[in-house]
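Here is the structure we will look at, set down as structure tokens.
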Amino acid sequence: MFAINKLRMNPFILIVFWGCLLQMLLPLSLANGTSVEVVSTQASNGQQSENEHTFNQELDVAAIKAQINELEEIRLTDQARVTTETDKLLPFLSHLPLSLQYRLVQLKAQSWAIKGNMQAAEELLQGYLTTPPSEVFIKQHVDLLLLLAGVYSDSYKVENTLKVLNQIVPFLVRLDDVNTDAYVYMLMVEMLSRMTRYEAAAQYTDKLFATLDKVTKPIRRCYISTIHANAIMNQLKDDLTKRTHLVQLFRDAFYECEQAKDKGAMSINLRSLTEVYLLDNRLLLASEAIETAYQMALKDNNTSELDFIYAFLADIAKREGQLVIAKQHAMKSYQMAKELKIDLMIIKASLLLADIHELLGEVKQALFYRQVYEKAKLAQLQTIKGQLTVFESAKLQLLESERQLDVLEREKGQYLMAKEMAERNQTQMRLWMTLLVGGMSFLMIWIVMSMKQKTRYQMLAQTDPLTGIYNRSAGEYVGKILYEKARKAQKPFSLVSFDIDNFKAINDRFGHGTGDWVLKKIVESIKPLLRQDDIFVRMGGEEFMILLPDLNETQAWEVANACRLAITSLDTQYSGHEFSITASFGVIQGVEPDSQLDMLVKRADELISVSYKNHFEQTDEVISYIPKPLESACFQSP
């Protein structure tokens with residue numbers, strides 16, 4: 001998979017990038033020790049028979065774990081051994097701890113996919129994806145989904161690929177993993193390139209390339225650089241001014257793959273570099289690049305890669321006038337393409353053979369291969385058309401939220417078309433239903449997130465940013481509701497209002513930072529003295545109000561006195577200065593004439609004001625006041 005060049009969905013990339021796939025996924029969490037709960041995929045209730053229990057006791061889990069570790073290390077360099085060893089381990093699969101089961105399934109499915117046994121890989125992966133994962137194994141579950149999406153993509157099953165990607169989408173936010181996001185982008189680039197939607201593919205390859213700086217593993221950097229370079233070439237290959245830029249992109253990608261020691265990926269970049277050189281007819285450079293790629297593929301016995309290389313060798317020989325050699329290379333490419341069932345290469349090789357036979361004057365053979373080319377090309381166009389229809393009708397939720405309206409409009413139009421074709425295409429209808437459920441799920445997630453954001457903004461609008469208690473507007477709003485409720489129920493309702501004495505002097509003398517410290521400390525000292533239903537409000541500046549539902553004036557007085565003592569006991573040395581803090585309090589209980597809370601607030605404010613004029617005796621800046629029992633009263637901290 002992952003073929004990015006124009007109309008080049010190369011199965012040879014299986015050899016290169018299936019090896020990269022597990023590297024692109026974060027390493028699976030390893031089980032510590034051998035004392036791990038064994039989970040059988042065939043026993044959903046977690047219970048095992050006596051024979052299974054005995055078998056697990058005899059099974060050397062630690063040795064198998066070490067063997068799997070070793071196989072993961074060599075999966076890019078010794079695929080034959082990986083295949084052999086995983087075949088031996090497969091009978092023990094259901095008896096292993098679940099963490100090792102996931103890892104072994106990945107290794108086995110990957111080895112089958114590289115060998116072209118897609119059906120076996122699909123069945124194995126599907127068996128482990130039938131039930132939702134536990135929270136502990138979400139990452140491993142997503143890794144298997146990604147692998148299955150890759151298998152479907154390599155099998156040109158666009159509809160199945162989209163379905164699996166839709167299953168991955170809900171996990172993306174929870175994982176917040178750049179490697180998972182990058183792999184999803186790779187699949188999108190592949191499918192869009194396969195359908196010749198190069199501009200759309202470029203959007204995803206830009207996002208993919210943006211993750212490169214966050215990636216440290218060489219094999220991942222190799223893979224991302226290769227995908228990016230090929231996608232950019234699809235978009236810019238006809239621009240003569242961009243050829244030098246394309247050459248540099250593939251050289252950079254080759255360097256990244258060289259650091260990763262991935263010869264398959266190195267060969268891909270050399271072959272792509274050859275194509276760029278041929279665009280300018282730079283035959284010498286093209287010959288050098290493709291010869292190096294040929295030696296690499298020949299050494300690794302990479303048959304599918306050799307298929308593409310022979311086509312380039314034939315093209316170069318044809319341009320140099322060596323028609324006999326060109327025909328030999330083209331025939332090898334054509335035969336390999338037929339054997340491997342690579343439709344793209346059948347098209348390319350048959351066109352080369354038609355041109356070469358025509359130059360040699362072999363009209364009959366030229367006509368035959370021209371007919372092969374036309375037939376294969378027509379089949380390819382029909383396939384692309386079908387894939388475009390499926391893709392447009394199944395736009396993934398992973399697209400940015402601002403594009404959802406456009407997606408829904410596309411779906412609406414295509415739904416009408418699908419309805420007309422329902423009797424002939426039941427499969428497409430089922431896909432629509434799947435997409436509808438997915439779309440509604442995304443919409444619900446969006447609504448929940450919006451509601452949470454709205455709640456957060458409401459909280460910010462209701463609280464004083466300095467002290468964290470209610471601000472004036474929110475406090476009065478809540479207070480009016482509580483006061484009206486108390487009046488209707490004929491229950492007592494009291495209000496305590498207080499001002500910090502000489503607060504302006506504190507600000508002027510010690511600075512506003514100290515003033516802010518005083519406000520916060522007063523709030524912190526008073527909060528523990530209040531009930532859960534009491535409403536603490538900062539009215540503005542140094543003015544505060546406490547609403548006390550279900551308390552009469554005597555009880556409210558006790559609360560106010562406790563608050564007074566808490567304020568006077570504050571130790572100001574932690575502010576960096578030493579000074580005393582006092583506050584003037586007013587206590588009032590709602591009575592029958594007070595039809596609204598505003599009347600209580602006004603009387604409480606007047607009470608504090610009157611207390612300064614009529615009721616306080618001030619000596620040496622210490623103010624004292626003795627309130628009358630059970631009447632509206634005020635006092636000032638000594």
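General observations
- Subset of the stretch 490-516 [hydroxyl-bearing (Ser, Thr, Tyr) and exposed (fewer than 13 other Cβ atoms within 10 Å of the Cβ)]: none
- Boolean, ARG243 is within 20 Å of ALA311 (Cβ to Cβ) and of a type in the set (D, E, K, R): no
- Any pair with Cβ under 6 angstrom, 6 or more apart, that starts in the stretch 351-367 at a residue that is under 13 Å from GLN328 (Cα atoms) and ends at one that is of a type in the set (S, T, N, Q): HIS357/GLN365
- Of all residues in the stretch 235-285 being in contact (Cβ under 8 Å) with a residue 12 or more places away in the chain, open to solvent by 40 Å² or more (accessible area, probe 1.4 Å) and among the polar types (S, T, N, Q), the one that is nearest to PHE209 (Cα to Cα): GLN235
- Tabulated pairs, the stretch 438-455, first under 17 Å from PRO170 (Cα atoms), second at pLDDT below 75 and exposed (fewer than 12 other Cβ atoms within 10 Å of the Cβ), C-beta under 9 angstrom, 6+ apart or interchain: PHE442/SER401; ILE445/VAL173; TRP446/SER401
- Residue check, GLN453 modelled with pLDDT under 75, over 30 Å from GLU553 (Cβ atoms) and open to solvent by less than 50 Å² (accessible area, probe 1.4 Å): no
- For first residues located in the stretch 297-313 and of a type in the set (Val, Ile, Thr), partners that are surrounded by fewer than 24 Cβ atoms within 10 Å (Cβ to Cβ) and lie 6+ apart or on another chain with Cβ distances below 8 Å form the pairs THR303/MET336; THR303/LEU340; ILE309/TYR294.
- Unmet requirement for LEU548, which otherwise passes all of (1) over 23 Å from SER580 (Cβ atoms); (2) open to solvent by 10 Å² or more (accessible area, probe 1.4 Å); (3) in contact with a helix residue (DSSP H, G or I) (Cβ under 8 Å, 6 or more places away or on another chain): (2)
- Long-range neighbours under 9 Å by Cβ, at least six apart or interchain, first residue more than 17 Å from ASP501 (Cα to Cα) within the stretch 525-548, second of a type in the set (S, T, N, Q) and open to solvent by 60 Å² or more (accessible area, probe 1.4 Å): LEU548/GLN555
- In the stretch 125-135, the residues that are surrounded by fewer than 23 Cβ atoms within 10 Å (Cβ to Cβ) and without any contact (Cβ under 8 Å) to a residue 40 or more places away in the chain: GLN126, LEU129, THR130, PRO132, PRO133, SER134, GLU135
- Filtering the stretch 341-366 to residues that are assigned to a helix (DSSP H, G or I) and open to solvent by 100 Å² or more (accessible area, probe 1.4 Å) leaves ASP343, GLU358, LEU359, VAL363, LYS364.
- Residue within the stretch 588-600 that is out of contact with any Leu (no Cβ under 9 Å at 6 or more places or on another chain), loosely packed, with under 14 Cβ neighbours inside 10 Å and at pLDDT 80 or above present: yes
The rows are residues; the columns are (1) within 38 Å of the chain's Cα centre (by Cα); (2) over 27 Å from THR383 (Cα atoms); (3) of a type outside the set (Asp, Glu).
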residue: ASN281; (1), (2), (3): no, yes, yes
residue: LEU284; (1), (2), (3): no, yes, yes
residue: ALA311; (1), (2), (3): no, no, yes
residue: ALA317; (1), (2), (3): no, yes, yes
residue: VAL324; (1), (2), (3): no, yes, yes
residue: ALA330; (1), (2), (3): no, no, yes
residue: ILE342; (1), (2), (3): yes, no, yes
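- In this entry, SER609 is excluded by the filter for residues that are at pLDDT 55 or above and not in a helix (DSSP H, G or I).
- Of all the criteria given as (1) closer than 19 Å to LYS65 by Cα; (2) modelled with pLDDT of 85 or more, the one not satisfied by SER111 is (2).
- In summary, ALA229 fulfils each of the numbered conditions (1) touching a Leu at 6+ places or on another chain (Cβ under 8 Å); (2) open to solvent by 20 Å² or more (accessible area, probe 1.4 Å); (3) of a type outside the set (Val, Ile, Thr) with the single exception of condition (2).
- Those residues of the stretch 286-305 which are modelled with pLDDT under 90 and open to solvent by less than 30 Å² (accessible area, probe 1.4 Å), in sequence order: ALA297, ASN302, SER304, GLU305
- Members of the stretch 570-586 found to be hydroxyl-bearing (Ser, Thr, Tyr) and under 52 Å from the mean Cα position of the chain (by Cα), listed by number: THR572, TYR574, SER575
- TYR294 being more than 22 Å from ALA337 (Cβ to Cβ), among the aromatic types (Phe, Trp, Tyr) and assigned to a helix (DSSP H, G or I): no
- Looking at ALA604, ALA560, ALA633, just one residue is modelled with pLDDT under 65, under 24 Å from GLN490 (Cα atoms) and buried (at least 20 other Cβ atoms within 10 Å of the Cβ), and that residue is ALA633.
- Pick from the stretch 136-158, criterion of a type in the set (D, E, K, R) and surrounded by 19 or more Cβ atoms within 10 Å (Cβ to Cβ), ranking: farthest from ILE114 (Cα to Cα): LYS139
- Just so you know, in the stretch 517-545 the residues that are of a type in the set (Lys, Arg) and surrounded by fewer than 17 Cβ atoms within 10 Å (Cβ to Cβ) include one that is farthest from LEU597 (Cα to Cα), and it is LYS520.
The values are calculated or read from the model by the stated rules, or taken from the named source; none is laboratory data. Quick caveat: nothing in here was measured; it's all calculated off a predicted structure. Virtual Cβ from ideal backbone geometry, glycine too; neighbours counted across all protein chains shown. Calculation scope for accessible area: heavy atoms of the full protein, side chains included, ligands and nucleic acids excluded. Shrake-Rupley method; radii C 1.70, N 1.55, O 1.52, S 1.80 Å.
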